[in-house]
Amino acid sequence: MINLRRDFHRHPELSLQERRTAGVIEQELERFEISHTRIGATGVLGILRGTQSGSGVVALRADIDALPIQETNDVEYRSQTDGIMHACGHDAHTASLLGAAKVLSQNRDRFGGELRFLFQPAEETGKGAPDFINAGALDGAERILGLHSAPDLPLGTIGLTPGLNNAAVDHFRILVHGKAAHVSTPQLGADALYAASQIVVAIQGLVARRSSPVEPVLLGVGKFAAGTTYNAVAEYAELEGTTRTISQETRLQVREWIDQTAEQIAAISGAEARVIWSDITSALINDPQVSREAAEVAKGLGDHIQVVTNRPLSLGGDNFAEYQRFVPGCYAYIGTANTDLPSTLNSLHNGNFDLDENALVLGAGLYVGYALWWLGRQEKP
């Protein structure tokens, strides 16, 4: 698994460009005699049927895409592609699921029913999951399990918190259209740059003055572009940002507030604004029953394993949540921090991010243990 993880790490690929990654996954599944098919251009679905009598379907998911981040780690397996890096642990997730697939293929005589391995592209852009759902990858599935690297948890720890774990994530673009003019005659134009600047300030105030202080809401603008030259009133401006909310009601309300604020402030300046929304993912809510089941399996992996059931809410999202809308599921957080390895203490989406590779065994063990436990049950809740 370590060799696989390092291979993926050396050759990271952005969302929906994971062609080499998908090819390696397929080669490994063929070695394990696991049937597979492509989902979309770069997703891979593996299917393994047990030889025992019995039924049941368990889905196991790993995300496979990298990020547009320059790696600054000085390690033998550092990224060989400038500006692209596995800075969120997806290389480890993929290697762990392949490790689990190998073990399960060698033990197909220990279970009946069917295992489905979902190697999902484009998690970072909120895509990939719908393609698997639309292709029927969850049809008949009784449980789904996923996992993620957690540099906030020490090695040997598994976070299995029932209920709300991660916020819903949305992306917005605000397009502001004004009227060009010479900077010396601003009254003849409508300054899109000025209007957009006021929109940035105003929508930030929505969190402080329109949302409830007892319910987390995050709104951030990370991109601003306007104007073509120093001595002209800008005709166009564009903003990009994100919202993070924990309830569907608030999610929709924040959208409405941003729409209204952008349109009204632009109008005051004589400009027009249009807001374009993209759904990234719903809030990630672990099924309480599946969380308890996974926790019991995790405890059985060894006396040294610590299970945490109260990991703090994260305003980062993950579209594993889309699968949970259709199948009872649980998302586990695998501790990857080791104080003896300083790079493993860095946060996700950081050019210095790395992980303790001993965590791969724990991730694979949880996949294997839960799959065998569920498909081996005579009675299911």
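Return yes or no: is ASP340 farther than 12 Å from ILE158 by Cα, among the acidic types (Asp, Glu) and either touching a residue at least 24 places away in the same chain (Cβ under 8 Å) or not assigned by TED's automatic domain parsing to the domain that holds ARG110 (or both)? Quick ask: steps written out before the conclusion?
Working: farther than 12 Å from ILE158 by Cα: yes; among the acidic types (Asp, Glu): yes; either touching a residue at least 24 places away in the same chain (Cβ under 8 Å) or not assigned by TED's automatic domain parsing to the domain that holds ARG110 (or both): no.
No, not satisfied.
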Inside the range 213-223, the number of residues satisfying the requirement of being part of a strand (DSSP E or B) and touching a helix residue (DSSP H, G or I) at 6+ places or on another chain (Cβ under 7 Å) is 3
Being farther than 18 Å from THR125 by Cβ and either exposed (fewer than 14 other Cβ atoms within 10 Å of the Cβ) or under 20 Å from the mean Cα position of the chain (by Cα) (or both) narrows it down to one residue among THR51, THR42; which is it? THR51
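Output the number of residues of the range 69-106 satisfying the condition of being at positive phi and more than 19 Å from the chain's Cα centre (by Cα).
Within the range 69-106, the first condition is being at positive phi, and the residues that meet it are 83, 89.
Now narrow it down to the ones that are more than 19 Å from the chain's Cα centre (by Cα): 83.
Looking only at that region, the number is 1.
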Are there any helices (runs of 4 or more DSSP H) wholly within the range 232-340 with 2 or more residues that are hydrophobic (A, V, I, L, M, F, W, C), within 15 Å of the chain's Cα centre (by Cα) and buried (at least 17 other Cβ atoms within 10 Å of the Cβ), and if so which? 320-324
Does the range 7-24 contain at least one residue that is modelled with pLDDT of 95 or more, more than 27 Å from PHE326 (Cα to Cα), in contact with a strand residue (DSSP E or B) (Cβ under 7 Å, 6 or more places away or on another chain) and surrounded by 14 or more Cβ atoms within 10 Å (Cβ to Cβ)? yes
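Being in a strand (DSSP E or B) and of a type in the set (A, V, I, L, M) is the filter here, so list the residues in the range 132-175 that pass it.
At the first step, the residues of the range 132-175 found to be in a strand (DSSP E or B) are 143-154, 157-159, 163-166, 168-175.
Once the filter is applied, which keeps residues that are in a strand (DSSP E or B) and of a type in the set (A, V, I, L, M), the range 132-175 yields ILE144, LEU145, LEU147, ALA150, LEU153, ILE158, LEU164, ALA168, VAL169, ILE174, LEU175.
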Taking GLY369 as the residue in question, decide whether it is in the same structural domain as GLY50 (by TED's automatic domain parsing), more than 21 Å from GLU71 (Cα to Cα), surrounded by 14 or more Cβ atoms within 10 Å (Cβ to Cβ) and more than 23 Å from the chain's Cα centre (by Cα). yes
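Anything in the range 297-319 that is farther than 16 Å from VAL361 by Cα and in contact (Cβ under 8 Å) with a residue 12 or more places away in the chain? List them, or say none.
Residues of the range 297-319 farther than 16 Å from VAL361 by Cα: 308-319.
If the condition is that a residue be farther than 16 Å from VAL361 by Cα and in contact (Cβ under 8 Å) with a residue 12 or more places away in the chain, then VAL308, THR309, ASN310, ARG311, LEU313, SER314, LEU315, GLY316, GLY317, ASP318, ASN319 are the ones that fit.
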Which members of the range 112-131 meet the condition of being surrounded by fewer than 24 Cβ atoms within 10 Å (Cβ to Cβ), in contact with a Leu (Cβ under 9 Å, 6 or more places away or on another chain) and assigned to a helix (DSSP H, G or I)? GLU124, THR125
Contacts under 6 angstrom Cβ, first residue in the range 18-44 being over 12 Å from ASP65 (Cβ atoms), partner among the hydroxyl-bearing types (Ser, Thr, Tyr) and at pLDDT 95 or above, 6 or more apart: PHE32/SER105; ILE34/SER105
Give me the strands (runs of 3 or more DSSP E) completely within the range 25-68, filtered to those with at least 2 residues that are at positive phi, ordered by residue number. none
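Under 27 Å from ALA129 (Cα atoms) and touching a residue at least 12 places away in the same chain (Cβ under 8 Å) - does that describe any residue in the range 259-274? Explain how you work it out, then say what you get.
Taking the range 259-274 first, the residues under 27 Å from ALA129 (Cα atoms) are none.
For the range 259-274, residues under 27 Å from ALA129 (Cα atoms) and touching a residue at least 12 places away in the same chain (Cβ under 8 Å): absent.
Just one of THR72, THR94 is touching a residue at least 60 places away in the same chain (Cβ under 8 Å) and not in a loop (DSSP other than H, G, I, E, B); which is it? Please lay out each step first, then the result.
Values: THR72 fails: not in a loop (DSSP other than H, G, I, E, B).
When all the criteria are applied, what remains is THR94.
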Could you tell me how many of the residues in the range 349-359 are over 18 Å from HIS304 (Cβ atoms) and either among the polar types (S, T, N, Q) or surrounded by fewer than 16 Cβ atoms within 10 Å (Cβ to Cβ) (or both)? 4
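The values are calculated or read from the model by the stated rules, or taken from the named source; none is laboratory data. Note that the structure is a prediction, hence the values are computed from the model and not measured. We place every Cβ from the backbone using ideal geometry, glycine too, and count neighbours over all the protein chains shown.
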